[in-house]
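> First, the structure itself, so that you have it in front of you.
Just so it is clear, none of the values below were taken in a lab; they were calculated from the coordinates. What you see is a predicted model; the values in this text were computed from it and never measured. Here Cβ is always computed from backbone atoms with ideal geometry, including for glycine, and neighbour counts include all displayed protein chains.
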Amino acid sequence: MVSSNEITDPRDIPLVSLRRLRETEEKFLLTRVEDFNPGGSSEPPDYRWNLISEAVLFRDNYTCRVCHRSSFSSVRSQKAYSRIHLNIQVHHIIPRSSGGSNNFKNLITLCEDCHKKTFKGGYSGVPVTNELSVYSDKEVIHAAISEEYLGTSNPTKAEVLLEEVSATYGGDLTFSPSRKEGSNLRTTVFLLTYEDFTEALKRALSAKKAKSYITIMGKRGRVNVPVKILIDIDGNLVPWFS
């Protein structure tokens, strides 16, 4: 599995759970809380910053979505005493100066280091690395994907696992919930190299059976694992169901 410090695409960042979105709605008295969109958003609603920033921090569990860090540091104040500072910040994927809005799809929690990495892009986008580790071809990722996209070679070269995968999201652009809360779909999940997954994604795109992919958290026993799932142009899931 590609490690958190080797994220090469914002779509590799797992979405938060539907339960967390509902908890955020309840805590902040909001009617529609969504996860971030990798491309950001300039759409309404445009919430007050004090409200939306606190809600995004809560939605993201006060943790950097890229590197998973959430650390405290001591800050020396002008009055000669130390205060505790949480090293995370709410980041606009599309800057306000470029028309980005204060809505959930345009906001993501980053640590200070990851936030600084967006500087070269004018503090826009989501920070990712440019290249995978030289050992990445020996690592595997979990992908719910149809055998027809794995090529002409024998797909059994990848270990097949049956896992409970929470399939409550759809939509490359909106990431809005598309299934009943708490529902699970049992699907076949392949362990693939990143190269194999990329090739399978290309096949699915060329066949116009998929538009993109999203990453959601699935469970293998008691262990949470990020699972990549193809979606079609309407945002519907395109997994290989068992």
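> Which distance in nm do the two modelled labels at T198 and F58 give, with both placed 7 Å along the Cα-to-Cβ direction?
Taking the two extended label points, one gets 4.1 nm.
> Taking 0.36 nm per residue of separation and subtracting the Cα-Cα distance, what length does fully extending M217 through E112 add?
Numbers: separation 105, 0.36 × 105 = 37.80 nm, distance 2.49 nm.
Length gained, M217 through E112: 35.3 nm.
> Take peptides 36-43, 61-68 and line them up by average Cβ neighbours within 10 Å, highest first, as a rough protection proxy.
Details: 36-43: 19.9, 61-68: 17.8.
By packing density, highest mean first, the sequence is 36-43, 61-68.
> So what J values fall out for the stretch 142-147 if you push phi through Karplus, 6.51 cos²θ - 1.76 cosθ + 1.60 with θ = phi - 60°, rounded to Hz, Gly and Pro as x?
8, 9, 8, 8, 5, 4
> May I pose another question? Packing-wise, with mean Cβ within 10 Å as the measure, how do 223-230, 120-127 rank, highest first?
Values: 223-230: 19.9, 120-127: 16.4.
Most protected by this proxy first, the peptides run 223-230, 120-127.
> Show me, for the stretch 101-106, the HN-Hα J-couplings you get by feeding each phi into the Karplus relation (A = 6.51, B = -1.76, C = 1.60, θ = phi - 60°), rounded to Hz, glycine and proline as x.
With the stated coefficients, the stretch 101-106 comes to 9, 8, 10, 4, 5, 9 Hz.
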